[in-house]
Amino acid sequence: MLFSPWATVAIFFVVAVVVALLISAVPGIFTSKRPNRAKSEAYECGVPPTSAMIGRFPVRFYLVAMLFVIFDVEAASFYPWAVRLRDLGAFGLMEMVTFIVVLGVGYAYVWKKGGFSWR
Amino acid sequence: MNHLLADPWLRFILVVAIKSGVLIFIVITSFAYLMLFERKILAWFQLRLGPIWCGPWGLLQPAADAVKLVLKEDLTPRDADPLIYRFAPAIAVLTSVLAYAAIPFGTFPDGSPVAIANLNVGILYILAAGSLGVYGIALGGWSSQSKWPLLGAIRSTAQMISYELAMGLSIIGVLLLAGTTNLSGITAAQSAHHVWYILPQFVGFLIYFITATAETNRAPFDLPEAETELVAGFHTEYSSLRFGTFFVAEYINMITVSCVATLLFLGGGDGPFLATLPLLSVAWFVLKVMVFLFVLIWMRATLPRLRYDRLMAFGWKVLLPVAVLNLLVTAAIVALVKA
């Protein structure tokens with residue numbers, strides 16, 4: 001191949017950006033804008049809004065995000081290993097079993113602490 | 001024009017740009033007809049007719065919907081962050097389209113894949129593009145500065161990142177068997193071994209199927225837009241074409257996960273009569289994707305929605321350990337058979 005496939009992906013990306021921008025520009029062209037106070041208020045089932053927005057939300061969502069970062073980095077390390085396992089053989093298998101045991105201890109700890117139950 | 005085409009770089013850019021444009025056009029058109037397909041099938045499940053008035057068999061319904069959406073007033077809530085609010089749908093549709101740069105839709109007679117780019121890390125690229133999909137939803141819900149969209153967006157984000165983990169792990173079984181991350185390499189390995197990986201990797205396929213449904217926010221995992229609790233979830237404040245754009249992104253994501261499932265577990269373009277007519281692989285590919293999409297719609301018609309705490313517990317306490325177990329068993333077999 002004459003050119004790197006990533007050059008192709010880059011061109012595809014540019015075309016996709018153009019299409020996405022076109023789609024988000026179209027609504028402004030054809031529509032009439034007649035804003036009024038009631039229309040531009042945040043939707044709350046027809047009741048006048050009680051506050052601008054909820055300022056707080058459950059901290060559990062942060063916990064999920066943190067757990068995701070930890071476990072996703074672990075999962076990413078599986079990919080190169082998975083592709084080469086045929087060459088690594090039993091040695092590669094044992095290495096990964098050790099890794100998963102260590103990972104499992106952390107997983108069991110989070111489970112025990114109630115990190116996975118939604119309360 | 002001729003001297004422009006003589007330059008190899010310019011010619012390359014032009015050819016790829018035209019190919020990309022055509023592919024994106026096809027993807028967006030197939031979104032429109034997937035929507036009609038879904039409405040028709042859901043109607044039949046409920047003994048209704050579905051869209052019938054626009055064109056024969058309702059075939060012009062997507063066009064009518066598009067015209068209607070374009071002509072609707074484009075509202076921006078007073079408190080919304082105008083810039084992010086405006087561009088969040090564009091980000092959603094951009095990230096959903098990106099994956100198509102790497103998907104091989106079949107094979108040409110000379111054995112090269114029918115794809116924009118034949119990446120040697122194709123599956124990683126698609127996973128990366130797929131995980132960017134969270135941004136459109138999170139930014140759209142947050143920038144609305146309204147209660148329902150914000151709740152829908154954080155719910156959706158938590159759900160998507162939780163299930164992404166098990167999804168990533170379920171794919172590794174296939175990589176172990178195929179020994180490559182190149183998508184056309186994976187399908188070639190399946191035709192070479194004369195077995196689609198859905199058989200040896202059935203557990204992996206099940207996990208992929210469940211997580212793919214959750215990733216695309218489809219029933220029974222459509223909690224981000226649970227009407228009874230959240231009005232419409234992250235896109236409550238959106239109207240006009242911006243509202244429609246989120247649907248474009250969601251349905252394109254549906255097609256993407258169906259394409260990936262077909263490539264990894266159903267042999268891609270593998271099928272009978274390929275020796276006589278290699279381009280038939282594109283038809284087999286499309287057929288398998290359509291079967292997968294039909295099952296997704298079928299589930300929507302059949303299954304009730306999960307409760308949110310059960311959804312999160314299921315992802316972390318069931319899918320994740322099962323995926324790791326599946327990975328270990330597959331790895332053991334691959335490593336020991338070699339030894």
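Here B:Gly233 meets each of (1) within 19 Å of the chain's Cα centre (by Cα); (2) modelled with pLDDT under 90; (3) surrounded by 22 or more Cβ atoms within 10 Å (Cβ to Cβ) with one exception, condition (1). The set of residues in the range B:310-326 being touching a residue at least 24 places away in the same chain (Cβ under 8 Å) and at the interface with chain A (Cβ under 7 Å from one of its Cβ atoms) consists of B:Met312, B:Trp316, B:Val324. Yes or no: the range B:302-309 includes at least one residue that is under 30 Å from B:Leu124 (Cβ atoms), surrounded by fewer than 23 Cβ atoms within 10 Å (Cβ to Cβ), hydrophobic (A, V, I, L, M, F, W, C) and within 14 Å of another protein chain (Cβ to nearest Cβ). Checked the range B:302-309: at least one residue is under 30 Å from B:Leu124 (Cβ atoms), surrounded by fewer than 23 Cβ atoms within 10 Å (Cβ to Cβ), hydrophobic (A, V, I, L, M, F, W, C) and within 14 Å of another protein chain (Cβ to nearest Cβ).
Count of the range B:15-27 residues, restricted to those that are crowded, with 17+ Cβ neighbours inside 10 Å and either away from every other protein chain (no Cβ under 14 Å) or within 18 Å of the chain's Cα centre (by Cα) (or both), is 4.
Is it the case, given these coordinates, that A:Ser32 is in a loop (DSSP other than H, G, I, E, B) and within 8 Å of chain B (Cβ to nearest Cβ)? Criteria met by A:Ser32.
Residues in the range A:46-90 that are at the interface with chain B (Cβ under 7 Å from one of its Cβ atoms) and part of a loop (DSSP other than H, G, I, E, B): A:Ala52, A:Met53, A:Ile54, A:Phe57. Considering the range B:254-292, and only residues there that are among the hydrophobic types (A, V, I, L, M, F, W, C) and touching an Asp or Glu at 6+ places or on another chain (Cβ under 8 Å), the residue that is farthest from B:Asn217 (Cα to Cα) turns out to be B:Trp284. Here B:Leu94 passes the criteria (1) at pLDDT 90 or above; (2) of a type outside the set (Gly, Ala, Ser); (3) surrounded by fewer than 18 Cβ atoms within 10 Å (Cβ to Cβ) except the one numbered (3).
Say whether the condition of being facing another protein chain (nearest Cβ under 9 Å), of a type in the set (Gly, Ala, Ser) and closer than 29 Å to B:Tyr125 by Cβ is met by at least one residue in the range A:94-115. The answer is no; no qualifying residue exists. The residue list B:Ser281, B:Ser240 contains one member that is in contact (Cβ under 8 Å) with a residue 60 or more places away in the chain, in contact with a strand residue (DSSP E or B) (Cβ under 7 Å, 6 or more places away or on another chain) and surrounded by 19 or more Cβ atoms within 10 Å (Cβ to Cβ), which is B:Ser281. Considering each residue of the range B:220-237 in turn, none proves to be in a helix (DSSP H, G or I), farther than 30 Å from A:Arg60 by Cβ and not basic (Lys, Arg). The numbered conditions (1) within 9 Å of chain A (Cβ to nearest Cβ); (2) out of contact with any Asp or Glu (no Cβ under 8 Å at 6 or more places or on another chain); (3) of a type in the set (Ser, Thr, Tyr) are all true for B:Ser146 except (2).
If I filter the range B:131-155 down to residues being small (Gly, Ala, Ser) and surrounded by fewer than 24 Cβ atoms within 10 Å (Cβ to Cβ), which single residue comes out as nearest to B:Phe25 (Cα to Cα)? The selected residue is B:Ser131. With respect to (1) assigned to a loop (DSSP other than H, G, I, E, B); (2) under 28 Å from B:Leu319 (Cβ atoms); (3) among the aliphatic types (A, V, I, L, M), the lone exception for B:Ala117 is condition (2).
The values are calculated or read from the model by the stated rules, or taken from the named source; none is laboratory data. Only a predicted model underlies this, so the values are computations on that prediction, with no experimental measurement involved. Backbone-built Cβ (ideal geometry, glycine too); neighbour counts: all protein chains shown.
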